[in-house]
Amino acid sequence: MAKVAINGYGTIGKRIADAVAAQDDMQVVGVTKTKPDFEARMAIEKGYELYAAIPEKQGDFKKAGVSIAGTIHDLLKKADIVVDCAPGGIGAEHKPMYEKAGVKAIFEGGEKHEVAGFSFNAICNYGKAIGRDFVRVVSCNTTGICRVLYPLDRAFGVEKTRVVLVRRATDPGDIKKGPINAIVPDPVKLPSHHGPDVQTVLPHINITTLAIKVPTTIMHLHMLNMKLKNTPGPDEVRDVLAKAPRIRFVKASDGLTSTASIIELGRDLGRPRYDMWENCIWEDSICIDDGELYFFQAIHQESDAIPENIDAIRAMMELENDAQKSIQKTNKAMGML
Ligand code: NAP
């Protein structure tokens, strides 16, 4: 039973905590917060032991009547592995603390590849994570692109990929960021960072990405274009993607015409926090035009990388050596059927 600490119980941290708790080969030994707000109270209500992420702020919890079991240093003494879910860039500052405590650590996509020297996606490189001390689970967008590139490359050979990312402006709970009434090239200068990030997992893939930010909070939308070495028909593409893990086909003809209706589907499925862990590919969009493949997919930014974190824990803790078995175990325990 791997003992897992979550440092940073926010958008990603709380979802990873629940996903760990759903597995039978790992357990949550504690979660951290910097402040005693409603999320801290909810963590306790759910049965997680709460620790102060910043030891100097312990007093704030006492003042607010939120009971904590200690500080991050106390938590690390109980853990085999920590998942760092602090805001982007802070994980790198935490690395020396994890090294000193002798715990393995997973970092999230807001950190640079160099923080761990290894970037992970379960379907692409599970085997290379086995026994590692430090792993970075790539961001939501990179996870979504890697999940489709890997099986298509194996089946048909990817000569060149272009992806236009229409990015949600921020997460639903974040009231500080925008835009609220604009479309923003992000960045203006091409390419966006997403292509190089995909190459941290799949270095041989020729990829260029462009991104814009739009006033929505619920999902990203990707427009993919691939030149494949062996040109398949759309049915063959569909068959390959249907067999790949963590892919869900949606159909505009079923009324799933937008990211909003996909989130409504998540609600109807009774998913926790309406999470859609899978890439949602519009089946009716898959087409071959002038020998090149095109399709649309929607990515739920808050949740698609969560199952990847579970597989990373399993690989690093050497609980399972087979990628497919770990992926299936994670999916089943989370309710991704
Ligand atoms: P978030 O919602 O802002 O949550 C961050 C959490 O970290 C909060 O619980 C915060 O606690 C805590 N925290 C703040 N400062 C800390 C510190 N010094 N030490 C420990 N914990 C600290 O952020 P997030 O969206 O979950 O992002 C976490 C990581 O996941 C980032 O690397 C991000 O790039 C990546 N990621 C995010 C998304 C997404 O869409 N949100 C998708 C994929 C990957 P308090 O609230 O108590 O201050």
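The values are calculated or read from the model by the stated rules, or taken from the named source; none is laboratory data. Quantities reported herein were computed from a predicted structural model and do not represent experimental measurements. All Cβ positions, glycine included, derive from the backbone under ideal geometry; neighbour counts span all protein chains shown.
For the stretch 28-42, enumerate the residues that are in contact with a strand residue (DSSP E or B) (Cβ under 6 Å, 6 or more places away or on another chain) and near the ligand (Cβ under 9 Å from one of its atoms). Passing the criteria: Val31, Thr32, Ala40.
Yes or no, residue by residue, for (1) within 17 Å of the chain's Cα centre (by Cα); (2) of a type outside the set (Phe, Trp, Tyr); (3) within 16 Å of the ligand (Cβ to nearest atom); (4) modelled with pLDDT of 95 or more:
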| position | (1), (2), (3), (4) |
| --- | --- |
| Arg248 | yes, yes, no, yes |
| Leu269 | no, yes, no, yes |
| Pro272 | yes, yes, yes, yes |
| Asp275 | yes, yes, yes, yes |
| Ala298 | yes, yes, yes, yes |
| Ser303 | yes, yes, yes, yes |
| Asn321 | no, yes, no, yes |
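Just wondering, is there one or more residues in the stretch 258-277 that are touching an Asp or Glu at 6+ places or on another chain (Cβ under 8 Å), closer than 29 Å to Phe118 by Cα, free of Cβ contacts under 8 Å to residues at least 60 places away in the same chain and crowded, with 19+ Cβ neighbours inside 10 Å? Yes, the stretch 258-277 contains at least one residue that is touching an Asp or Glu at 6+ places or on another chain (Cβ under 8 Å), closer than 29 Å to Phe118 by Cα, free of Cβ contacts under 8 Å to residues at least 60 places away in the same chain and crowded, with 19+ Cβ neighbours inside 10 Å. Filtering Ala52, Ala64, Ala79 for residues that are in the same structural domain as Asn321 (by TED's automatic domain parsing), within 21 Å of Ile306 (Cβ to Cβ) and of a type in the set (A, V, I, L, M) leaves a single hit, Ala79. Considering (1) surrounded by 22 or more Cβ atoms within 10 Å (Cβ to Cβ); (2) assigned to a helix (DSSP H, G or I), the lone condition that Asp153 does not fulfil carries the number (1).
For the stretch 248-293, a residue qualifies if it is closer than 17 Å to Leu221 by Cα and out of contact with any helix residue (DSSP H, G or I) (no Cβ under 7 Å at 6 or more places or on another chain), and the qualifying residues are Arg248, Thr257, Ser258, Thr259, Ala260, Ser261, Ile262, Glu264, Leu265, Glu278, Ser285.
Which residues, counting only those in the stretch 193-243, are touching a Lys or Arg at 6+ places or on another chain (Cβ under 6 Å) and either in a helix (DSSP H, G or I) or under 27 Å from Gly127 (Cβ atoms) (or both)? Asn206 - this is the single residue of the stretch 193-243 that is touching a Lys or Arg at 6+ places or on another chain (Cβ under 6 Å) and either in a helix (DSSP H, G or I) or under 27 Å from Gly127 (Cβ atoms) (or both).
Tally the residues that are in a strand (DSSP E or B) and either more than 22 Å from Lys112 (Cβ to Cβ) or more than 24 Å from the chain's Cα centre (by Cα) (or both), restricting the search to the stretch 50-102. Walk me through it before giving the result.
Keep residues of the stretch 50-102 that are in a strand (DSSP E or B), which gives 50-52, 71, 81-84.
Retained after the next criterion (residues that are either more than 22 Å from Lys112 (Cβ to Cβ) or more than 24 Å from the chain's Cα centre (by Cα) (or both)): 50-52, 71.
Qualifying residue count for the region: 4.
Each residue in the stretch 91-130 was checked for being surrounded by fewer than 16 Cβ atoms within 10 Å (Cβ to Cβ) and within 10 Å of the ligand (Cβ to nearest atom), and 1 of them qualify.
Is at least one residue of the stretch 24-31 of a type in the set (Val, Ile, Thr) and touching a residue at least 40 places away in the same chain (Cβ under 8 Å)? Spell out how you get there, then give the answer.
First, the residues of the stretch 24-31 that are of a type in the set (Val, Ile, Thr): 28-29, 31.
Going one step further and asking which of them are touching a residue at least 40 places away in the same chain (Cβ under 8 Å), we end up with 29.
Checked the stretch 24-31: at least one residue is of a type in the set (Val, Ile, Thr) and touching a residue at least 40 places away in the same chain (Cβ under 8 Å).
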